[in-house]
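Inspection log for the structure reproduced underneath, given as structure tokens.
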Amino acid sequence: MDHALPRRSALLLFAIVVVTWGLNWAVTKVIVHSVFPLWATAIRTAIAAVAATIRTEHAIVGEVFDAGPQPDDARGRIACVAHHWSRHGDELTDVAWHLRYDDEYRLTEAGWRITHRALTINAIETRPMRRVRFDGPAG
């Protein structure tokens, strides 16, 4: 089975790598000079975690809505779980974030819109996985 890329695709990927590598140094310089070192480390770690993620799945697991203080206002509490699957060598890992959004809504001419959102991370858990399906729902 031949897995060679067409020349045009290979050159495009090569150009993307060269530009990304070049921009990496400029972005790092800006971050180091404008952000507290601990935040720079956190940003770098977050970017690396996103780059290692092979698939995500986000699910709403609970919703509660009630009337707000005004007739065109409402409030909502949305509970979610966000799975982030990554591969490190032969190991698959699931980092699951258990989240809650506390929202305030306003009824506009275009429909209900979020006017304020507060995010609470209730828990983050990491566990090994046996396998992850890589294709989408359509197969």
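The values are calculated or read from the model by the stated rules, or taken from the named source; none is laboratory data. Bear in mind the structure is a predicted one, so any value in this text is a computation, not a measurement. Methodologically, a virtual Cβ is constructed for each residue, glycine included, from the backbone with ideal geometry; neighbour enumeration extends over all protein chains shown.
Have a look at 56, 45, 28, 20 and point out the one that is among the β-branched types (Val, Ile, Thr) and in contact (Cβ under 8 Å) with a residue 24 or more places away in the chain.
None of the others qualify; the one that does is 56.
Assess whether residue 96 counts as being in a helix (DSSP H, G or I), without any contact (Cβ under 8 Å) to a residue 60 or more places away in the chain and under 20 Å from the mean Cα position of the chain (by Cα).
Against the criterion (in a helix (DSSP H, G or I), without any contact (Cβ under 8 Å) to a residue 60 or more places away in the chain and under 20 Å from the mean Cα position of the chain (by Cα)), residue 96 does not qualify.
Take region 67-77 and flag every residue that is at pLDDT below 95 and either part of a strand (DSSP E or B) or among the aromatic types (Phe, Trp, Tyr) (or both).
Of everything in region 67-77, just one residue is at pLDDT below 95 and either part of a strand (DSSP E or B) or among the aromatic types (Phe, Trp, Tyr) (or both), namely 67.
I'm told residue 86 meets every condition in (1) of a type in the set (S, T, N, Q); (2) in contact with a helix residue (DSSP H, G or I) (Cβ under 8 Å, 6 or more places away or on another chain); (3) surrounded by fewer than 16 Cβ atoms within 10 Å (Cβ to Cβ) except one. Can you identify the failing condition by its number?
The single condition residue 86 does not satisfy is (3).
Among the residues of region 21-44 satisfying the criterion of being among the polar types (S, T, N, Q) and surrounded by 10 or more Cβ atoms within 10 Å (Cβ to Cβ), which is nearest to residue 86 (Cα to Cα)?
Here the answer is 41.
Identify all residues within region 25-42 that are within 25 Å of residue 94 (Cα to Cα) and modelled with pLDDT under 75; write none if there are none.
Across region 25-42, there are no qualifying residues.
Hey, any hits in region 46-62 for a residue that's at pLDDT 90 or above, of a type outside the set (A, V, I, L, M), touching an Asp or Glu at 6+ places or on another chain (Cβ under 8 Å) and in a strand (DSSP E or B)?
Within region 46-62, none of the residues are at pLDDT 90 or above, of a type outside the set (A, V, I, L, M), touching an Asp or Glu at 6+ places or on another chain (Cβ under 8 Å) and in a strand (DSSP E or B).
Here are some residues: 67, 52, 15, 40. Which one is of a type outside the set (Asp, Glu) and within 25 Å of residue 133 (Cα to Cα)?
52
Considering region 51-63 alone, what residues qualify as being closer than 23 Å to residue 88 by Cβ and surrounded by 11 or more Cβ atoms within 10 Å (Cβ to Cβ)?
Those that are closer than 23 Å to residue 88 by Cβ and surrounded by 11 or more Cβ atoms within 10 Å (Cβ to Cβ): 52, 53, 54, 55, 56, 57, 58.
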